[in-house]
Amino acid sequence: MTDPLFSASGDLKIEIRRIGAVWYAHLPETTLWAKAPDLEDAVKLLHERHADHAKFLAETGTPPLDLLGDRPTPAMWRSRLARGAWIVALFALCAIPVSYALSTGIERGIEAAAKQLPIRGLLPRLEKTIVEFSKPEYDLPPERAQALAEAVARIVDRLTPYTDRAADLFGRKRETTPDAAQGASD
């Protein structure tokens, strides 16, 4: 297979390697290599690169620098294992501080909320406040109670056109008064 291609090269050593479904052909002690899905195509491509290299060398007297050419690095199971280990280690190193920050942040948030809104004993305190507020000394003077009742009635009348539709959602149908219906149409 290589006799007609590399006939002018003299003695020639070619390294051939197959990784997966790809064939690699390489001239040892050089930077010349080729890859292809078929072995014959890889050797033909290597011959073309070798011919270009020889032509450049003949014309300039110096070999071309292959600084930008990509070189195949066949993956081995050890390198895949090492890459996987690095990924797991990196993930673990990042996950530890993140999980610590999340857990302490959540715990601190719950503690802060518990301090601001003490939930334990809320119902007994609420009952105690209601009983305390029902004592006669907290009664409003009749004029103030009347003004407060009128203010609440005005607020309810003002909001009724908007809340009537929502009342249907909760299963209660309110009877619409002529004043509320007129306010809704305005």
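The residue that is modelled with the highest pLDDT, among those in the stretch 62-73 that are exposed (fewer than 12 other Cβ atoms within 10 Å of the Cβ) and under 21 Å from LEU12 (Cα atoms), is THR62.
Assess whether ARG49 counts as being charged (D, E, K, R), part of a strand (DSSP E or B) and modelled with pLDDT of 80 or more. For ARG49, the condition - charged (D, E, K, R), part of a strand (DSSP E or B) and modelled with pLDDT of 80 or more - is not met.
The values are calculated or read from the model by the stated rules, or taken from the named source; none is laboratory data. Predicted model only: the values in this text are computed from it and were never measured. With ideal geometry, Cβ positions are generated from the backbone for all residues, glycine too; neighbour counts draw on all protein chains shown.
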